[in-house]
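Taking it in order: structure first as structure tokens, then the write-up.
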Amino acid sequence: MDIIEGLKFPMDDEEWVKKVIIGGIIGIIPIVNLIVGGYFVETMKYVITGKKVLPEWENWGGKFITGICVFIIGLIYFAIPLVVMILLGGLGALVGKNSSIVGFVLGFVLFIVFGFAMPMAIANYAAKEKLSAAFEFEEILGRIKSVIGDYLLAYVVLFILVFVLDLVSMIPIIGWILSIFAMFYLSLVAVYYFGTLYRESSK
């Protein structure tokens, strides 16, 4: 995975400025911003198949439906560890203090694991175009394992970029406005990284 190539990826499209502006504006509108999730999935599919352009802002209905699917994936991925935390933590509280702590710790660990795996899950969904693909845990974990070094690197790079963006957003008015479009751009970079890693991974 080429880190620099990922940073430049959105600019490979001749109309990238227009597409980023549209995405940034849609992204701040509640509910309607689900379209953005669909756009990211479509972009990820482009990356997986080797296309080096950004999708057009068309077929908004289809993108909205795909965005709902992404929302459902995220909801389930974070609901599972939450349920574990509540059940084990609650039952543990009845049994004893230590058991309760173990339940909460396990739930927290699951939050990290599921959150860490979710980009690859969404990539699997984008590649196969079926919701169930996001829950093919054996394949998803296998793919992550095969590219674990670059997968971790992608997270580190994105963490640093988000930190820098947070600093920029603290600039009154201008910083907030810039961050809207910069976050959309950064999300495209993330899509490139994880889409590329999916393409390079093995089951």
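Take segment 132-145 and flag every residue that is in a helix (DSSP H, G or I) and closer than 12 Å to residue 120 by Cα.
Start the filter on segment 132-145 by keeping residues that are in a helix (DSSP H, G or I), which leaves 132-135, 137-145.
Of everything in segment 132-145, those that are in a helix (DSSP H, G or I) and closer than 12 Å to residue 120 by Cα turn out to be 133, 134, 135, 137, 138, 139, 140, 141, 142, 143, 144, 145.
Condition check ((1) modelled with pLDDT of 95 or more; (2) more than 30 Å from residue 137 (Cβ to Cβ); (3) touching a Pro at 6+ places or on another chain (Cβ under 7 Å); (4) of a type in the set (Asp, Glu)) across all residues:
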| site | (1), (2), (3), (4) |
| --- | --- |
| 5 | no, no, no, yes |
| 11 | yes, yes, no, no |
| 20 | yes, yes, yes, no |
| 23 | yes, yes, no, no |
| 40 | yes, no, no, no |
| 48 | yes, no, no, no |
| 67 | yes, no, no, no |
| 71 | yes, no, no, no |
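Can you name the residue in segment 73-106 that is of a type in the set (Ser, Thr, Tyr) and at pLDDT below 80 and, of all such residues, is surrounded by the fewest Cβ atoms within 10 Å (Cβ to Cβ)?
The selected residue is 99.
Tell me, which residue of segment 26-41 that is free of Cβ contacts under 8 Å to residues at least 40 places away in the same chain and surrounded by 15 or more Cβ atoms within 10 Å (Cβ to Cβ) is farthest from residue 65 (Cα to Cα)?
Checking each candidate, the answer is 26.
If we keep just the residues of segment 171-183 that are over 13 Å from residue 27 (Cβ atoms) and surrounded by 15 or more Cβ atoms within 10 Å (Cβ to Cβ), which is modelled with the highest pLDDT?
Step by step, filter segment 171-183, then rank; the result is 178.
Name the residues in segment 1-21 that are surrounded by fewer than 18 Cβ atoms within 10 Å (Cβ to Cβ) and among the hydrophobic types (A, V, I, L, M, F, W, C), would you?
3, 4, 7, 11, 16, 17, 21
Would you pick out the residues in segment 153-203 that are without any contact (Cβ under 8 Å) to a residue 12 or more places away in the chain and polar (S, T, N, Q)?
If the condition is that a residue be without any contact (Cβ under 8 Å) to a residue 12 or more places away in the chain and polar (S, T, N, Q), then 169 is the only one that fits.
Of the residues in segment 42-68, how many are in contact (Cβ under 8 Å) with a residue 12 or more places away in the chain, among the small types (Gly, Ala, Ser) and surrounded by fewer than 22 Cβ atoms within 10 Å (Cβ to Cβ)?
2
Being closer than 17 Å to residue 184 by Cα, polar (S, T, N, Q) and out of contact with any Lys or Arg (no Cβ under 7 Å at 6 or more places or on another chain) narrows it down to one residue among 59, 33; which is it?
33
Only one of these is part of a helix (DSSP H, G or I) and modelled with pLDDT of 95 or more: 156, 168. Name it.
So the residue among 156, 168 that is part of a helix (DSSP H, G or I) and modelled with pLDDT of 95 or more is 156.
Residues of segment 111-128 being free of Cβ contacts under 8 Å to residues at least 12 places away in the same chain and over 15 Å from residue 76 (Cα atoms), which ones?
Correct list: 128 only.
Can you say whether residue 38 is small (Gly, Ala, Ser), in contact with a helix residue (DSSP H, G or I) (Cβ under 9 Å, 6 or more places away or on another chain) and in a helix (DSSP H, G or I), as far as the supplied structure shows?
It is true that residue 38 is small (Gly, Ala, Ser), in contact with a helix residue (DSSP H, G or I) (Cβ under 9 Å, 6 or more places away or on another chain) and in a helix (DSSP H, G or I).
Conditions (1) within 14 Å of the chain's Cα centre (by Cα); (2) in a helix (DSSP H, G or I); (3) hydroxyl-bearing (Ser, Thr, Tyr), marked per residue:
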{"position": "5", "(1), (2), (3)": "no, yes, no"}
{"position": "9", "(1), (2), (3)": "no, yes, no"}
{"position": "21", "(1), (2), (3)": "no, yes, no"}
{"position": "29", "(1), (2), (3)": "no, no, no"}
{"position": "53", "(1), (2), (3)": "no, no, no"}
{"position": "64", "(1), (2), (3)": "no, yes, no"}
{"position": "75", "(1), (2), (3)": "yes, yes, no"}
{"position": "78", "(1), (2), (3)": "yes, yes, no"}
{"position": "83", "(1), (2), (3)": "no, yes, no"}
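(1) more than 21 Å from residue 80 (Cα to Cα); (2) surrounded by fewer than 17 Cβ atoms within 10 Å (Cβ to Cβ); (3) not hydroxyl-bearing (Ser, Thr, Tyr): which one isn't true of residue 109, the others all being true?
Answer for residue 109: the failing condition is (1).
The values are calculated or read from the model by the stated rules, or taken from the named source; none is laboratory data. Since the structure is predicted, the reported quantities are computational estimates derived from the model, not experimental observations. Every residue, glycine among them, receives a Cβ derived from its backbone with ideal geometry; neighbour counts consider all protein chains shown.
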